[in-house]
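The values are calculated or read from the model by the stated rules, or taken from the named source; none is laboratory data. The structure presented is a predicted model; accordingly, all values stated were derived computationally and were not measured. Methodologically, a virtual Cβ is constructed for each residue, glycine included, from the backbone with ideal geometry; neighbour enumeration extends over all protein chains shown. Only protein heavy atoms, including side chains, enter the accessible area calculation; ligands, DNA and RNA are left aside. Shrake-Rupley method; radii C 1.70, N 1.55, O 1.52, S 1.80 Å.
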Amino acid sequence: MRSAALLAVAAVVLAACGDDGGGGGGGDQPGGGTALEGRGPITFASGKDTSGNMQKLADEWNSEHPDEKVTITELPESADDQRNRMIQNAQVKSDEFSVLNLDVIWTAEFAANRWIVELPQDEFDLDQFLEPAVETGKYRDKLYAVPVYSDGGLMYYRKDLLDKAGVQPPETWDELTAACTAVKKLPEAKNTGCYAGQLDKYEGLTVNFSEAVASSGGTVVGEDGKPDVNTQEAKDGLNFLVEARKSNLIPQAAITYKEEEGRRAFQDGGLIFHRQWPYQWALANATDGSSKVAGKFDVAPLPGKDGPGVSSLGGHNFAISAFTPNKATALDFIKFFSSEEAQRSNLLATSQAPTRSALYEEQELVDKFPYLPTLLSSIENAAPRPRVVRYGDVTAAIQEAAYGAITGETTTDEALEQLQTKLEELTAE
C-alpha cells in the first residue's frame, strides 16, 4: 500500500539471481523452501498503523506467545522511505527486522538480493488466496512473501452531488470531464476540485501513470520483461494526466498529493472524484466529525480511455528477513497474520482489501462494505507494475518522466522517448 523524493539506494543484483536459496535458514525442506529455524522475540517492520488494528493483532499474538513476542517498528509514511530503510538494514545484514511488510512490487528485488528467505509453499493454503495477490509474492516461481493485504484502485465520487446534477458515475475520461462540468454548475460545488489521484513524485505516481497507460490499452513493461512506453497507447494515457492538469480537471494542488493529502482533501469536501485505495472507505465514512462527506459518497471502477479503466495491483506481503535469528517464530507470525480470522478483523477495522477469497463472498461483509464486489473486480483485472529486479531505479525513472510531462517541463513525446531508453538500460539482462 509516499515521499516527494526518492532516496538513491542502489539495488545491486548479486550472483544470487542464479541461486534462489533462502539464506541463513539451514537446509532444504522436502515440501520446498528453506528450513526456518530459531524461536524467540521478533520485530515487525511496517508502515504506520493508522487504524490501531495491527497493534491489536500483535497484542493477540503476544498474549498467546509470551516467549516469542513481536514488536512493531513503524517506518516512515512514505513507501519509498520504507523501502530504503529496509534496504539499508539488509545491506549491512542487520537483524533489527524479522518480518518485513513489503509493497507487492518489491518481491523480485528483495529475493534476488537474498534479503528475504524462500518460504515453504506447502505450509500455506495458497489456493484460498486471490491468485493475483499470490503471484506478487513469488520470484522465479518460488514463494518469498505471503499476501496479507491486496489493493485495487477505486474511483470515489460524491454521490450526493452527482445525484443532484443528474449525472451517472463516469466510465471514460471524457465522461469524467463532462460529469465534473455538470456538477460544478451546482452552487455548492463551484469551488470544489474535480479530480485527484496520487501525482506527487513518489511511488504513487508510478501507480497512477501505469494505470493511465493500462487504461489506454498499453503497458509499461510487458510480460517478456521488455519496456514498451514509446507507443500511442502510453502517449494517450500520459496525455490524459497532462491535459487534465492543463485544464484544471486536476487542480494545481493535486500534483503534490500522496494518499493521505488526497484523502484529507476528499474528506474535507474538496474533491468530486478521487482515485484512491479501499482503506479510504472507513475513514471517509467516520461519524466522529473527522469527515464532512460521511454517507455522501460511493465508489465505482476507475474510468479509462474508451470504457472502465485498469487498476495497478497494489497491496502488501509479509516476508522474513534473511538476517533474523528467529525465522521459525517469524513464519508462525506470518501464518497468524494471514489467517482468515486476522484478515476479517483487519477488513472490519480498516476497510483494506483482504487477500482471502472467501471474505469477498461473506454477505455480512458485503452488506457492511458494499464496494467489495467492485474491489474484487479491480484486483482480478489489475495490471502489475513492472516486475523487475532493479525496481527502485525503474520507478524513479517513471516518476521523473511522468512528473516532468504533467508539470509541463517536457512534452509527452520527449518524456516517453527518454523513458523508453532509460527503461531499456535498466531492464537489460
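Computed quantities for the displayed model
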read-out: Unit charges on C-beta of K, R, D, E only; dipole of the chain, Debye; value: 1300 debye
read-out: Residues of type aspartates and glutamates that LYS93 reaches as a straight line, Cα spacing below 19 Å, ignoring anything fewer than 8 places off in the same chain; value: ASP19, ASP20, GLU37, ASP81, GLU109, GLU118
read-out: Residues whose placed amide H lies under 5 Å from that of LEU313, excluding near-sequence neighbours; value: ALA383, ARG385
read-out: Selection from ALA35, LEU365, VAL146 lying farthest towards where the dipole of the chain points positive, charges on Cβ; value: LEU365
read-out: Amide H contacts of VAL70 (H built 1.01 Å from N, under 5 Å, at least 5 apart or other chain); value: ILE42, ASN62
read-out: Region 206-288: Rg to Rh, with Rh as the Kirkwood radius over Cα pairs; value: 1.06
read-out: Residue-span extension gain [ASP306 to LYS142] - 0.36 nm each, minus C-alpha spacing; value: 55.3 nm
read-out: Debye intensity ratio in log₁₀ form over the Cα atoms of region 255-324, taken at each q of 0.20, 0.23 Å⁻¹; value: -0.90, -1.08
read-out: The chain - share of DSSP beta bridges that are antiparallel (%, nearest 5); value: 70 percent
read-out: Alpha-carbon centroids, region 40-108 and region 223-277: separation in whole Å; value: 30 Å
read-out: Interchain or long-range residues, amide H under 5 Å from PHE129's placed H; value: SER357
read-out: Centroid-to-centroid separation of region 362-429 and region 146-172 [C-alpha atoms, Å]; value: 19 Å
read-out: Directionally averaged shadow of the chain, computed from the convex hull of its alpha-carbon atoms, nm²; value: 19.5 nm²
read-out: Burial ranking of peptide ranges 382-389, 315-322, 221-228, 236-243 (average Cβ count within 10 Å, highest at the top); value: 315-322, 236-243, 382-389, 221-228
read-out: Label-point separation, GLU361 to GLN168 (7 Å along Cα→Cβ), nm; value: 3.0 nm
read-out: Of the trypsin sites (Lys or Arg not before Pro) in region 310-349, those whose Cβ has at most 13 other Cβ within 10 Å and which sit in DSSP loop; value: none
read-out: Carbon + sulfur, % of accessible area of the chain - ligands and nucleic acids excluded, 1.4 Å; value: 46 percent
read-out: Cβ-Cβ FRET estimate between GLU223 and GLU425, R0 fixed at 22 Å, reported to 0.05; value: 0.65
read-out: HN-Hα J in Hz across region 360-367 - Karplus 6.51, -1.76, 1.60, θ = phi - 60°, x for Gly and Pro; value: 6, 10, 6, 4, 4, 6, 5, 5
read-out: Listed residues ALA353, ALA330, THR427: farthest to the positive end of the dipole of region 300-429 (Cβ charges); value: ALA330
read-out: Across LYS185/LYS292; LYS226/LYS422; LYS142/LYS422; LYS292/LYS368; LYS56/LYS138, pairs whose alpha-carbon gap is larger than 22 Å; value: LYS142/LYS422; LYS56/LYS138
read-out: Estimated Rh, region 205-246: Kirkwood, alpha-carbon pairs, angstrom; value: 10.1 Å
read-out: Largest to smallest principal axis extent of the C-alpha atoms in region 95-152, angstrom; value: 32, 27, 21
read-out: Net lengthening on full extension, ASP160/GLU64 (0.36 nm per residue, minus Cα-Cα); value: 29.9 nm
read-out: Average accessible surface area per residue within the chain, 1.4 Å rolling probe, Å²; value: 40 Å²
